[in-house]
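The values are calculated or read from the model by the stated rules, or taken from the named source; none is laboratory data. Values in this document were obtained by computation on a predicted structure and should not be read as measured data. Cβ coordinates were reconstructed from backbone atoms using ideal geometry, including for glycine residues, and neighbour counts include every protein chain displayed. For accessibility, only protein heavy atoms count, side chains too; no ligands or nucleic acids. Shrake-Rupley method; radii C 1.70, N 1.55, O 1.52, S 1.80 Å.
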Amino acid sequence: MIQGHGGNKQQLADRIGCRLEDIIDMSSNLNPLGPPERIHTFIRENIHLIHALPEPDAAGMSKGFADYRGIDPGCVMAGNGTTFFIYTLPLALGAKKALILGPAYADYEDACAAHHVKTSHCLTLAENNFVPDLDQLSAGAEQADLVFICNPNNPTGNLINKQDLETLMRRHTNTCFVVDESYLPFVPDAEEFSLVEQTHLPNLVVLSSMSKIFRIPGLRTGFLSGAKALIRKVMVHYQPWSVNALAQAVIKDIYDHPEEILPFYQQTREFIVKERRAFAQALAETDGIRLFDTPVYFMLARLDKILASQLCRRVGDDGFLIRDCANFKGLSYRFVRFSLKTNKINLALAQSIKTALARKQNSPCSLILPGRF
Ligand SMILES: Cc1ncc(COP(=O)(O)O)c(C=O)c1O
C-alpha cells in the first residue's frame, strides 16, 4: 500500500499538540457540504442491519445505481469503494502494460505494481494548464492493454469530453480504458461528460465512487460499470459480502429516493462554484502562488518561492492540513492541493497561505528537503 494519501490528521495534531478535532482537513477531497441528511437518519434507524449478513454480491445496491443511470443491472458491480476495483482490474483483465494519464491519483500505479503490471505515464504539463495532448495519449494507448484516466482528474481538475474519450476507445479496441469518474458529480453538467451509460463499448469500465459526493468515505462504497464480459472477469475476483450490510442499505436508500439526488448535486455544484471564486479572489494578488483552473472543489497550486513541504508546515501550524503533491508522478516539490470547505474556513486558509508566503523563504523549517525538484 502506498503511504502519503491525504487526511493524516493525527500526524499534524501530534506535531502541533492539539486535539484531532481541531485540525481542519483540507487535504482529502470530500463534499464540503457533508452528506445528505437522510444518510445519518437512515443509519441511526437501521443500525440493526449489522446483525445479519447482507447480499453477498450487493446486487440490490447495484440495481439502485443501474436504475438511476438507466442501464442494465448486469452491467454494474458494487464494491467496497472504487479502491477495490482499482486494485482488482489489472489482475482481472490480465494486463501486461498499463498507461496512466497523469499526474494522477497514485493508486493506479500502485495497483499495477501489486500485480507486476508495467506502467508508463502520459504526463500533462503545468505550462499547458495540464490539458492532455490527445495524440500523445492515443500513441501511448496503442502500446498498452490498460489505460487509466481520471475524469475530472485528481489532482489537476482537468476534464476530457465524452466524444474525445469515445474516439480513443474506438481507435484502440484491444486496450481497456478505465475511466474514474469519482469526482464527476461535482462538475456542472456532469451528465454530459459521463460514460456510465456507454456500456455498449466493449473496452470501457467506469468507476463511480460514492465516498466523495456523498461524503461517506468511511462506509466504503463505489461502483464499476461496463460491458457484461468485463464485469464477468472482475466478478471472478469478488469476495462475498465485501460491501457490508449498512453500506449496502445506505446506498440503496439513496437510490430509492432518486428525486433527491439531482437537487443535492445541484446544491453542491452551486456551492463550490461560489467558494472556488471566493478563494481564488482572496489569493488573486498574492505573489508566489499560482492556482490552476478546476471544475471541482479541489485546487492544485504551484508555489514559486517556497517548497510544498514548507507551506504545508506553515499552514499546519495554524491547524490546516493541506496536500503536499510531491508524491504525484509528474508534479514536483512545488505543488500543493487544497480541498475547499465552507466560506469562513476557505478564507482563513487563504489568509494563512498569504502569511506563510510573506515569511522569509529561509525562515525555520525543520523538514528535511527532498533531493529532487
Ligand atoms: C481519483 C480517485 N479515485 C478513487 C478513489 C478511491 O475512493 P473510494 O475507494 O473511496 O471510492 C480516490 C480517493 O481519494 C480518488 O481520489
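What the table shows:
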{"quantity": "Enumeration of residues in the range 66-85 that are part of a loop (DSSP other than H, G, I, E, B), more than 15 Å from the ligand (Cβ to nearest atom) and touching a strand residue (DSSP E or B) at 6+ places or on another chain (Cβ under 7 Å)", "calculated": "71"}
{"quantity": "Failed condition for residue 280, given (1) within 30 Å of residue 210 (Cβ to Cβ); (2) touching a strand residue (DSSP E or B) at 6+ places or on another chain (Cβ under 9 Å); (3) open to solvent by less than 10 Å² (accessible area, probe 1.4 Å); (4) not aromatic (Phe, Trp, Tyr)", "calculated": "(3)"}
{"quantity": "Single residue of 179, 243, 206 found to be surrounded by 20 or more Cβ atoms within 10 Å (Cβ to Cβ), free of Cβ contacts under 8 Å to residues at least 40 places away in the same chain and touching an Asp or Glu at 6+ places or on another chain (Cβ under 9 Å)", "calculated": "206"}
{"quantity": "Leading residue by the ranking (most open to solvent (accessible area, probe 1.4 Å)) among those in the range 17-29 that are within 24 Å of residue 279 (Cα to Cα), outside any loop (DSSP other than H, G, I, E, B) and away from the ligand (no atom under 16 Å from the Cβ)", "calculated": "21"}
{"quantity": "Which numbered condition residue 334 misses (of (1) farther than 27 Å from residue 19 by Cβ; (2) open to solvent by less than 10 Å² (accessible area, probe 1.4 Å); (3) over 17 Å from the mean Cα position of the chain (by Cα))", "calculated": "(2)"}
{"quantity": "The range 214-231, subset farther than 13 Å from residue 76 by Cα and more than 10 Å from the ligand (Cβ to nearest atom), residue surrounded by the fewest Cβ atoms within 10 Å (Cβ to Cβ)", "calculated": "215"}
{"quantity": "Any hit, the range 243-257, residues being at positive phi, away from the ligand (no atom under 16 Å from the Cβ) and over 19 Å from the mean Cα position of the chain (by Cα)", "calculated": "no"}
{"quantity": "Subset of the range 94-106 [closer than 20 Å to residue 224 by Cα and in a strand (DSSP E or B)]", "calculated": "98, 99, 100, 101"}
{"quantity": "Test: residue in the range 53-65 that is more than 14 Å from residue 221 (Cβ to Cβ) and in contact with a strand residue (DSSP E or B) (Cβ under 7 Å, 6 or more places away or on another chain)", "calculated": "no"}
{"quantity": "Selection from the range 182-192 of residues that are away from the ligand (no atom under 15 Å from the Cβ) and either under 23 Å from residue 91 (Cα atoms) or in contact (Cβ under 8 Å) with a residue 40 or more places away in the chain (or both)", "calculated": "188"}
{"quantity": "Selection status of residue 128, polar (S, T, N, Q), surrounded by fewer than 21 Cβ atoms within 10 Å (Cβ to Cβ) and either touching a residue at least 12 places away in the same chain (Cβ under 8 Å) or farther than 21 Å from residue 230 by Cβ (or both)", "calculated": "yes"}
{"quantity": "Any hit, the range 139-161, residues being touching a residue at least 60 places away in the same chain (Cβ under 8 Å), under 30 Å from residue 256 (Cβ atoms) and buried (at least 22 other Cβ atoms within 10 Å of the Cβ)", "calculated": "yes"}
{"quantity": "Long-range neighbours under 7 Å by Cβ, at least six apart or interchain, first residue of a type in the set (A, V, I, L, M) within the range 1-20, second loosely packed, with under 11 Cβ neighbours inside 10 Å and modelled with pLDDT under 90", "calculated": "none"}
{"quantity": "Residue 32 touching a Ser or Thr at 6+ places or on another chain (Cβ under 9 Å), not polar (S, T, N, Q) and not in a helix (DSSP H, G or I)", "calculated": "yes"}
{"quantity": "Qualifying residue in the range 107-115 (condition: more than 16 Å from the ligand (Cβ to nearest atom), more than 30 Å from residue 335 (Cβ to Cβ) and in a loop (DSSP other than H, G, I, E, B))", "calculated": "no"}
{"quantity": "Identity of the residue in the range 94-106, away from the ligand (no atom under 11 Å from the Cβ) and open to solvent by 10 Å² or more (accessible area, probe 1.4 Å), that ends up nearest to residue 324 (Cα to Cα)", "calculated": "101"}
{"quantity": "Residue 91 outside any loop (DSSP other than H, G, I, E, B) and open to solvent by 60 Å² or more (accessible area, probe 1.4 Å)", "calculated": "yes"}
